[in-house]
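J.: Pasting a structure here, questions to come.
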Amino acid sequence: MTLAGHLSLGCIADDYTGASDLANTLTRAGLRTVQTIGVPADDLALPEVDAVVVSLKSRSIEAGLAVTRSRAAEAWLRGRGAKHILFKICSTFDSTDAGNIGPVMDALRADSRDAIVLVTPAFPETGRTVYQGNLFVGSVPLNESPLKDHPLNPMHDSNLVRVLARQSTTKVGLVDLATLSRGADAVRAKLAELTQGGIGAAIVDAVFDRDLETIGQVALDHRLSVGASGIGLGLARALVAASKAKPDTADAMLATPVGGPAACLAGSCSQATLRQIANAEKVMPVLHLDPERVVAGKDETQRALAWARDRLGAGPILIASSSTPDQVAAVQSRHGRDAAGHAIEQAMADIADGLVQSGVHRLVVAGGETSGAVVDRLRIPGFLVGAEIAAGVPVLRAVGAGRGEMVLALKSGNFGGPEFFSDALALMP
Ligand SMILES: Nc1ncnc2c1ncn2[C@@H]1O[C@H](COP(=O)(O)OP(=O)(O)OP(=O)(O)O)[C@@H](O)[C@H]1O
Ligand SMILES: O=C(O)[C@@H](O)C(=O)CO
């Protein structure tokens, strides 16, 4: 590993699309950032950077395993001099009462010996705001948003003080917007009051980027924070303002075209992705996998690859497992939620592998778990961050991969505009 200097910021992301979302935010805010897949191997050559985002696939695994993996990432980042660590979670607080936000936060807090942790999933640029501890997705509370139908972690409570308290061993408090609006010292005073009351984690309201800047300043007094890209923005701006990081300079390698066939894979069943797939049908061939056949065996994967190979020479293609909430529920009731999800993710990974063997070096993937399965199968160790396709979604240039030059876009399920797949490919020459 050739990371020179000390890291200004170390990040642990609980999924791969979330990691690239955060890496994008940090890069745009002026931090030289690299995204690694898992804890990097010692011989992985990376450029000199201010921030490393270690991508884990720990959002939906057993909580104990999520804790172990997050602590390994933490140890690696602290070993590289990171004074502050951000545990990057989803801006829609994706989790269940069993975890994994609470258990990982508790373990990292114990390691960091912070009395209290600031927690906010707010990311106003993508419509995620927190008011009185309640998370809004656009104009509706979390529990009325499409997240109520998420295939792995349906969200039924928008009050994050309650949600986090159910997952954590510490008491959870609130720093409200009125306090934030009075500035960093008012937030510090509120945190001191909460700490005296035995509270170890505070959900922090945030509606505008200026709120995140205040949160970023205060968070730097601590060794750990928890949140989505918004708090990343606040931390990055605070670090740049304190001149602990040099402004980013564009990397020529990021702009070099890769060329060759391009493909898109969609495993996300979010409303946003379903609409993006419908729009892609107008401009590229789209194959809808049959989830029942995917769960039954490998034939559906072979069918998809044969279909793709017939078309790749003529332009981009899209292969999707995505279905409506009713159809997802039907498949899950027959096979179980985790078994169905896992089988479909592995099929997507098999298809990605076959596509790359057929010459695809430009790949767009929709869905965090899906992206995790694909990137693992392709054995890509890390990414540099290129152009921004949509809020939270950058073009990624694989580094240290054994398969030659490759560009990818890993899209969080709910992100991107209606023409996302075309928008992405246009920025991935
Ligand atoms: N037709 C389907 N029926 C049941 N499950 C499906 C189907 N298609 C995909 N899945 C599973 O649903 C899950 C979707 O999760 P994924 O993280 O990829 O998307 P997302 O949750 O929308 O994205 P993000 O985590 O970035 O918000 C995966 O486990 C996937 O395998
Ligand atoms: O924060 C978000 O919403 C995304 O980066 C993400 O993690 C979705 O999987």
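J.: Filter the stretch 3-35 down to the residues that are within 12 Å of ligand 2 (Cβ to nearest atom) and of a type in the set (A, V, I, L, M), then identify the one that is farthest from CYS90 (Cα to Cα).
T.: Ranking the qualifying residues of the stretch 3-35, first place goes to ALA23.
J.: Please work out which residue is nearest to ligand 1 (Cβ to nearest atom), limiting yourself to the stretch 1-24 and to residues that are among the small types (Gly, Ala, Ser) and open to solvent by less than 10 Å² (accessible area, probe 1.4 Å).
T.: Per the criteria, the residue is GLY18.
J.: Output the residues belonging to the stretch 345-372 that are in contact with a Lys or Arg (Cβ under 9 Å, 6 or more places away or on another chain), within 16 Å of ligand 2 (Cβ to nearest atom) and open to solvent by 20 Å² or more (accessible area, probe 1.4 Å).
T.: GLU369
A quick yes/no check of all residues on (1) in contact with a helix residue (DSSP H, G or I) (Cβ under 6 Å, 6 or more places away or on another chain); (2) farther than 19 Å from HIS222 by Cβ; (3) in contact (Cβ under 8 Å) with a residue 12 or more places away in the chain:
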| site | (1), (2), (3) |
| --- | --- |
| ALA110 | no, no, no |
| ALA115 | yes, no, yes |
| LEU118 | yes, no, yes |
| ALA122 | yes, no, yes |
| ARG128 | no, yes, yes |
| ASN143 | no, yes, yes |
| PRO154 | yes, yes, no |
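J.: Next question, about the same structure. Quickly run through the stretch 213-231 and pick out the residues that are open to solvent by 10 Å² or more (accessible area, probe 1.4 Å) and either of a type in the set (Phe, Trp, Tyr) or outside any loop (DSSP other than H, G, I, E, B) (or both).
T.: GLU213, THR214, GLN217
J.: If you take the residues in the stretch 402-420 that are open to solvent by 40 Å² or more (accessible area, probe 1.4 Å) and at pLDDT 95 or above, which one is nearest to ligand 1 (Cβ to nearest atom)?
T.: PRO418
J.: On the basis of being open to solvent by 40 Å² or more (accessible area, probe 1.4 Å), modelled with pLDDT of 95 or more and charged (D, E, K, R), does ASP423 make the cut?
T.: Yes; evaluated as a whole, the condition is true for this residue.
J.: Among the residues of the stretch 25-46, is any within 16 Å of ligand 1 (Cβ to nearest atom) and assigned to a strand (DSSP E or B)?
T.: Yes: the stretch 25-46 contains one or more residues that are within 16 Å of ligand 1 (Cβ to nearest atom) and assigned to a strand (DSSP E or B).
J.: Going through the stretch 106-121 one residue at a time, which ones are in a loop (DSSP other than H, G, I, E, B) and either open to solvent by 10 Å² or more (accessible area, probe 1.4 Å) or modelled with pLDDT under 95 (or both)?
T.: Passing the criteria: ARG113, ASP114, ALA115.
J.: Separate question: In the list PRO124, PRO141, PRO103, which residue meets the criterion of being within 16 Å of the chain's Cα centre (by Cα), more than 30 Å from VAL399 (Cα to Cα), surrounded by fewer than 24 Cβ atoms within 10 Å (Cβ to Cβ) and more than 16 Å from ligand 1 (Cβ to nearest atom)?
T.: PRO124
J.: Here is a further query. Could you figure out which of (1) assigned to a loop (DSSP other than H, G, I, E, B); (2) over 21 Å from VAL393 (Cα atoms) isn't true of GLU74?
T.: (1)
J.: Next question. If ASP209 satisfies all but one of (1) within 16 Å of ligand 2 (Cβ to nearest atom); (2) among the acidic types (Asp, Glu); (3) open to solvent by less than 10 Å² (accessible area, probe 1.4 Å), what's the number of the condition it fails?
T.: Of everything listed in (1) within 16 Å of ligand 2 (Cβ to nearest atom); (2) among the acidic types (Asp, Glu); (3) open to solvent by less than 10 Å² (accessible area, probe 1.4 Å), ASP209 misses just condition (3).
J.: Suppose we filter the stretch 301-333 for residues that are under 24 Å from PRO151 (Cβ atoms) and without any contact (Cβ under 8 Å) to a residue 12 or more places away in the chain; how many remain?
T.: The number of residues fulfilling the criteria is 5.
J.: Now for a different question. If we keep just the residues of the stretch 254-291 that are away from ligand 1 (no atom under 11 Å from the Cβ), surrounded by 15 or more Cβ atoms within 10 Å (Cβ to Cβ) and small (Gly, Ala, Ser), which is nearest to LEU410 (Cα to Cα)?
T.: ALA263
J.: Kindly check whether there is at least one residue in the stretch 365-376 that is closer than 12 Å to SER20 by Cβ, in the same structural domain as TRP307 (by the TED database) and not in a helix (DSSP H, G or I).
T.: Taking every residue of the stretch 365-376 in turn, at least one turns out to be closer than 12 Å to SER20 by Cβ, in the same structural domain as TRP307 (by the TED database) and not in a helix (DSSP H, G or I).
J.: Output the residues belonging to the stretch 317-341 that are part of a helix (DSSP H, G or I), open to solvent by 10 Å² or more (accessible area, probe 1.4 Å) and within 7 Å of ligand 1 (Cβ to nearest atom).
T.: GLN327, VAL328, VAL331, GLN332, GLY341
J.: Related question: Assuming VAL294 fulfils every condition listed in (1) open to solvent by less than 20 Å² (accessible area, probe 1.4 Å); (2) modelled with pLDDT of 90 or more; (3) not assigned by the TED database to the domain that holds PHE420; (4) not acidic (Asp, Glu) apart from one, which condition is it?
T.: Among (1) open to solvent by less than 20 Å² (accessible area, probe 1.4 Å); (2) modelled with pLDDT of 90 or more; (3) not assigned by the TED database to the domain that holds PHE420; (4) not acidic (Asp, Glu), VAL294 violates only (3).
J.: I need the full set of residues from the stretch 51-89 which are open to solvent by 10 Å² or more (accessible area, probe 1.4 Å), farther than 18 Å from ASN153 by Cβ and in contact with a helix residue (DSSP H, G or I) (Cβ under 8 Å, 6 or more places away or on another chain), in order please.
T.: ARG71, GLU74 - these are the residues of the stretch 51-89 that are open to solvent by 10 Å² or more (accessible area, probe 1.4 Å), farther than 18 Å from ASN153 by Cβ and in contact with a helix residue (DSSP H, G or I) (Cβ under 8 Å, 6 or more places away or on another chain).
The values are calculated or read from the model by the stated rules, or taken from the named source; none is laboratory data. If you're wondering where the values come from, they're calculated on a predicted model, not measured in any experiment. Note that we place each Cβ from the backbone using ideal geometry, even for glycine, and neighbour counts take in every protein chain shown. Protein only, heavy atoms only, side chains kept; ligands, DNA and RNA dropped before computing areas. Shrake-Rupley method; radii C 1.70, N 1.55, O 1.52, S 1.80 Å.
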